[in-house]
Amino acid sequence: MPEKAGKKRVSLGVLGAAAFMVIADARVIDPLLHIIADEFKTGVGSAAVIVSAYTIPYGLFQLVYGPLGDRIGKLRVMTTAMGAFAVGTAMCALVPNIAILTLLRFLTGMVAAAVIPLSLAYIGDNFPYEERQAALGQYLGALVLGQILGGSLGGIFGEYISWRDIFLLLGIVSLGITLVMWRATRSVPDRHRPQGSVGLANFQPYYQLMTQPAARIIMIAVFIEGFCIFGGLPYIGAFLRDRYHLSYVAIGFMLSGFGLGGLIYSRSVKWLVSRLGEGGLISVGGWLMCASYLFVAIFQNWILFIPLNIVMGLGFYMMHGTLQTLATEIAPKARGTAVSLFAFNLFIGQGLGAAVFGRVVDSSGYVPCFLMAGVAIALLSVWFVRQKQRFALR
């Protein structure tokens, strides 16, 4: 997207490269969960602690990075966090047991928390609202590629090389991206940087934000979205392995269909917005996700899973992209805080969802897990569209 005259900003490509690594690192676990559980001699539901260990601190530390980025500079915070992320990811290749892997995933999630929400806030600062959904759609393309290649690479490494080596590779590449970010941010100043001291324990901006009805509705919605979609998604790979005895490579490529659905969204976002509007994107996206989960649970045919996962990814990005755009507008003078609170709710929901659905999987099996997730996401879409109309959310 061309820059306006006199305005310098970091390219979406640089921001997207960092986002790609964070998403790939998170999604690479999906096809590997079963093989990691086998190596450390534990159940799939118990091994899913490494999912929660990453996503819960990822969500919690949004509360730190939002105000920190608003005060000392989003680009500076992102670059520092990306360097720490690279080191933590590479160290995951060396773990002797699942306890240390869980600790490292916790620490990696803690620093990864800065990258995507502050990038979104930076885009919000530098793109006017009428251009923002298209810019976010382009940025989401990088996240989608992380979804696609994360699952695929995880499957390939799990089957033919070692699940440990994929973390080493991701860490090395992330370090290279950190250097590129550092060079880019030296010549591009942050905009919307308030003056004042940095108080990491100051939660007043979040309290003020949550006094707004629009903010409360959006945050509740994204929490439920994360709980249902990403709480249940990690178990689909294990389900395919247990039920159909597919190879990890096949599972990895099949899971990549979720990202392909997101890629379709990123390439058609302008058309979808013009045809459906924001309310339509939420409603259609929710029902697409619901149908996908229900069909996976009921029909239990691995061939059907390929198109269903694409449809699920498309539905997710239709809903999530709209929620994300709305989140960038609820506090224009403190977008870092607003987007960080948004991400906090998404990833806390994901972490808690993975833990809850893990108990369901261990006690009742995969099918109840998928049924619960599908029905809940459909109800969410109905509720949010009504609330959007009631409060005229923009």
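Name the pairs: first residue in the range 48-61 and part of a helix (DSSP H, G or I), second residue of a type in the set (Lys, Arg), Cβ to Cβ under 8 Å, at least 6 apart or on different chains?
Close Cβ pairs satisfying both conditions: Ile50/Arg105; Ala53/Arg105; Tyr54/Arg105.
Any idea which of Met1, Met82, Met78 is modelled with pLDDT of 85 or more, under 20 Å from Phe127 (Cβ atoms) and out of contact with any Pro (no Cβ under 7 Å at 6 or more places or on another chain)?
Met78
Under 9 Å by Cβ, and 6 or more places apart or on different chains, what pairs join a residue from the range 304-333 that is part of a helix (DSSP H, G or I) with one that is among the basic types (Lys, Arg) and surrounded by 24 or more Cβ atoms within 10 Å (Cβ to Cβ)?
Ala327/Arg335
Sort through Val367, Val356 and tell me the only one that's out of contact with any Cys (no Cβ under 6 Å at 6 or more places or on another chain), surrounded by fewer than 24 Cβ atoms within 10 Å (Cβ to Cβ) and over 22 Å from Gly59 (Cβ atoms).
It is Val367.
Condition test on Arg241, is it in a helix (DSSP H, G or I), among the basic types (Lys, Arg) and farther than 17 Å from Asp30 by Cα?
No: the conditions fail for Arg241.
In the range 176-189, what residues are buried (at least 17 other Cβ atoms within 10 Å of the Cβ) and at pLDDT 80 or above?
Within the range 176-189, Ile177, Thr178, Met181 meet the criteria.
If I ask for residues that are surrounded by fewer than 19 Cβ atoms within 10 Å (Cβ to Cβ), of a type in the set (A, V, I, L, M, F, W, C) and closer than 20 Å to Gln147 by Cα, which ones from the range 261-300 would you list?
Once the filter is applied, which keeps residues that are surrounded by fewer than 19 Cβ atoms within 10 Å (Cβ to Cβ), of a type in the set (A, V, I, L, M, F, W, C) and closer than 20 Å to Gln147 by Cα, the range 261-300 yields only Ile264.
Based on this model, can you work out whether Val367 counts as modelled with pLDDT of 85 or more, over 21 Å from the mean Cα position of the chain (by Cα) and more than 27 Å from Val273 (Cα to Cα)?
Yes, satisfied.
Here is a list: Ile29, Ile36, Ile56. Which entry is farther than 23 Å from Ala184 by Cα, over 18 Å from the mean Cα position of the chain (by Cα) and of a type outside the set (Phe, Trp, Tyr)?
Exactly one residue qualifies, and that residue is Ile36.
The values are calculated or read from the model by the stated rules, or taken from the named source; none is laboratory data. Source: prediction; values computed, not measured. With ideal geometry, Cβ positions are generated from the backbone for all residues, glycine too; neighbour counts draw on all protein chains shown.
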